[in-house]
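Report on one structure; see the data block that follows.
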Amino acid sequence: MNLKSLLLAGGALLSGTAASAGGYQVTLAGQKNNGMGGVGVGLSLDQAAMFYNPGALAFVKDRGVQVGVNATLARNAFVAEGGTQQRQLRNSVTTPLNLYAGFGPTEGKWRAGIAVYTPFGSKLQYAEGWEGRTSLTDIDLKSIFVQPTVSYAITDHLSIGAGLVILAQGSVNLQRDIPLPDSYGHIELDGKAETKFGFNAGIMLRPSDKLSIGLNYRSKIDAVVKDGDVTFTNVPAAFSSRFQATKFGATLPLIATTSIGIGITPTENLTIGFDASLAQWSKYRVLRFNFDQQINGQTFSESKRYYQDALTFRLGGQYKLTSGLTVRAGGAYDQTPVPEGYLTPETPDNDRISGTVGASYSFGKFGVDISTQYVSIRKRTETQQELLNNGTTDRIAGTYKTNIVIPGIGLNYAF
């Protein structure tokens, strides 16, 4: 048995089916933004600016509280190299959520707030008995980030802001089958990530009432799992001496991202935004697991990733139809960070194109936001020869195709 194959799916601590960005990023942080293709770095729409650009928070007119939730509905199909049978994911739904509360004096130059969001969280369940069962069968990932934020308007045209990013809670459950001479055993890895800290900082420049420019930087955080549980089932007693590990540890990068955004308001009712982001995926080179005892004669495992930095472009707009109704639309293009020959079942990624629509209706101080996204991940084939050339035979050759639908709803209250 190949130990790398046994533990390949560990990369899913940060991955799964990423809902709206390449690799294992998820950027479903604000319902208004979601309806506009995910733009937000150069805009000051609402309290969700704490995520997209803390520097823009000082220019948000209203103080308020908002909560939102999305449902990611993924359809993933796989055909093994040389095969004809199409395998599909078992049905699963994940629900990324967010909560923002912004405060500050009505006529003051500063704003403060607290943000809670889930930038990593997904669930993948491959078909029973699929060809890659020894790499991955199930993933269940949950995470909660908390970000206290402060923003200050230095002048009427320039503001800055920053937030302390806290990985407050994270958990992962990974499962896969173990090939044995006459049967399959099963391994389950279950662990919790340690609390870690990073930062989110931004600047907003407003040369005029019709133009705004934003710059945002989100720092890298290393997610560290220590003393995760390793459990084996359906392993005959004759082979139990080969599977003695009970604990595992791993460190994986939550990569840094630098973004620039432009907001344009041609008329009082129309707002257009454009964002460009660079994700520093090249920091993700190797996935290593350490074990308290041996598995098939080894106490550690390493699997190549060799990700590359990737760009994301987003464009969106909103139009205020009436005093209470605003409609939105947008789209995005994401480059994949996964190079040829390094595709894994837990991140069956490729360049992706998404389209979005959304709307808001406000009545007094209350409002409702809705959004829907359709994400198409380009079909991608990985051959056995590519795996052999790169020394990545710990994964399976074949063709993946994924489409994702993401409806969302949010409630907000201004005060």
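Every number here is computed from the coordinates shown, using simple stated rules; none is lab data. This structure is a prediction, so every number in the text was calculated from the model and none was measured. Backbone-built Cβ (ideal geometry, glycine too); neighbour counts: all protein chains shown.
What trypsin sites (Lys or Arg not before Pro) does the stretch 196-289 have in DSSP loop regions with at most 16 other beta carbons within 10 Å?
Numbers: sites: K196, K210, R218, K220, K226, R242, K247, K283, R285, R288; in loops: K210, K220, R285.
Hits after loop and neighbour filter: K210, K220, R285.
Would you kindly state how much longer the chain becomes between D227 and D182 on full extension, computed as 0.36 nm times their sequence separation minus their alpha carbon distance, in nm to one decimal?
On the way: separation 45, 0.36 × 45 = 16.20 nm, distance 3.16 nm.
Going from the current span to full extension adds 13.0 nm.
Which one, T251, I154, I409, projects farthest toward the positive side of the charge dipole computed for the chain from Cβ point charges (K/R +1, D/E -1)?
The listed residue farthest towards the positive side: I154.
Report, as a whole number in µm² per second, the diffusion coefficient that Stokes-Einstein gives for the stretch 121-227 at 20 °C and 1.002 mPa s using the Kirkwood radius over alpha carbon pairs. Write out the running numbers ahead of the final one.
Details: Rh = 17.5 Å.
D, rounded to a whole number, is 123 µm²/s.
In sequence order, what are the phi-derived ³J(HN,Hα) couplings for the stretch 283-300 according to the Karplus relation 6.51 cos²θ - 1.76 cosθ + 1.60 with θ = phi - 60°, rounded to whole Hz, with x for glycine and proline?
Listing the rounded values in order: 6, 9, 9, 9, 9, 10, 10, 10, 10, 6, 9, 6, 10, 6, x, 10, 10, 8 Hz.
Give the longest segment of the chain that steers clear of GluC sites (Glu not before Pro) in DSSP loops with at most 14 neighbouring Cβ atoms within 10 Å, not counting the sites themselves. Don't skip to the end; give the middle numbers.
On the way: sites that count: E107, E128, E194, E268, E340.
Segment 1-106 is the longest.
Tell me the net charge near G185. Cut-off is 14 Å between Cβ atoms, G185 excluded, with +1 for each Lys or Arg and -1 for each Asp or Glu. Walk me through the numbers before you get to the answer.
Numbers: positive: R133, R176, R242; negative: D177, D182, E188.
Result for the neighbourhood of G185: 0.
Using the count of nearby Cβ atoms within 10 Å as a rough guide to exposure, how do T233, T399 rank from fewest to most? Mind dumping the intermediate values first?
Numbers: T233 10, T399 17.
Fewest-to-most Cβ neighbours within 10 Å comes out as T233, T399.
What is the local net charge at N269, summed over the other residues whose Cβ is closer than 13 Å to its Cβ (Lys, Arg +1; Asp, Glu -1)?
Numbers: positive: K210, K320, R328; negative: E268.
Once all neighbours under 13 Å are counted, the net charge is +2.
Any chance you could check the Cα centroid distance between the stretch 49-102 and the stretch 246-315 for me, in angstrom?
Between the Cα centres of the stretch 49-102 and the stretch 246-315 lies a distance of 15 Å.
List the lysines whose Cα sits under 18 Å from the Cα of K32, skipping any in the same chain fewer than 8 residues away.
Cα-Cα hits under 18 Å: K61, K320, K365.
Going by C-beta contacts inside 10 Å, put I139, I260, I187 in order with the fewest on the left. Walk me through the numbers on the way to the answer.
On the way: I139 26, I260 16, I187 23.
In order of increasing Cβ crowding within 10 Å: I260, I187, I139.
Each residue of the stretch 181-187 in turn: what ³J(HN,Hα) in whole Hz from Karplus with 6.51, -1.76, 1.60 and θ = phi - 60°, glycine and Pro shown as x?
Each residue's phi maps through the Karplus curve to give x, 10, 6, 10, x, 8, 10 Hz.
Go from 0 up to the bin containing the longest alpha carbon distance in the stretch 330-415, width 10 Å each, and give me the % of pairs per bin.
16, 32, 22, 16, 10, 5, 0
Give a residue-ordered list of calculated ³J(HN,Hα) values for the stretch 31-38 (Karplus: 6.51 cos²θ - 1.76 cosθ + 1.60, θ = phi - 60°; whole Hz; x for Gly, Pro).
Coupling constants for the stretch 31-38: 5, 4, 5, 4, x, 10, x, x Hz.
Given the convex hull over the Cα atoms of the stretch 225-265, what projected area results after averaging over all orientations, in nm²? Walk me through the numbers on the way to the answer.
Working: hull surface 24.4 nm².
Taking a quarter of the hull surface, the average projection is 6.1 nm².
So what is the orientation-averaged projected area of the chain, using the convex hull of its C-alpha atoms, in nm²? Please report the intermediate quantities before stating the final value.
Working: hull surface 76.9 nm².
So the mean shadow area of the Cα hull is 19.2 nm².
Filter K123/K401; K109/K220; K210/K283 down to the pairs with a C-alpha to C-alpha distance above 27 Å, please. If you can, show how the numbers build up before the last one.
Values: K123/K401 17 Å; K109/K220 29 Å; K210/K283 38 Å.
Correct reply: K109/K220; K210/K283.
Normalised by the residues of the stretch 3-414, what does the relative contact order come to in percent, with Cα pairs under 8 Å and at least six apart?
Relative contact order of the stretch 3-414: 20 percent.
May I ask for the net charge around S212, where only other residues with Cβ less than 14 Å from the Cβ of S212 are counted and Lys, Arg are +1 while Asp, Glu are -1?
Values: positive: K61, R206, K210; negative: D156, D209, D275.
Cβ neighbours under 14 Å give a net charge of 0.
So if we plug the beta-carbon distance of S376 and A238 into 1/(1 + (r/R0)^6) with R0 = 45 Å, what FRET efficiency do we get, rounded to 0.05? Don't jump to the answer; show the numbers that get you there.
Working: r = 48 Å, r/R0 = 1.06.
Efficiency for this residue pair is about 0.40.
For V41, enumerate residues with amide H under 5 Å from its amide H, sequence gap 5+ or separate chain, H modeled in the peptide plane.
none
Once the convex hull of the alpha carbons of the stretch 210-344 is built, what does its volume come to per residue, in cubic angstrom? Could you put the intermediate results ahead of the total?
On the way: hull volume 23.2 nm³, N = 135.
Hull volume normalised by residue count: 172 Å³.
Using alpha-carbon positions, what is the distance between the centroids of the stretch 342-413 and the stretch 151-203, in Å?
18
For V235, V327, what's the fewest-to-most ordering of other Cβ within 10 Å of each Cβ?
Values: V235 17, V327 14.
Ascending Cβ contact count within 10 Å gives the list V327, V235.
Put a dot 7 Å past each Cα toward the Cβ at K320 and D209; how far apart are the dots in nm?
1.2
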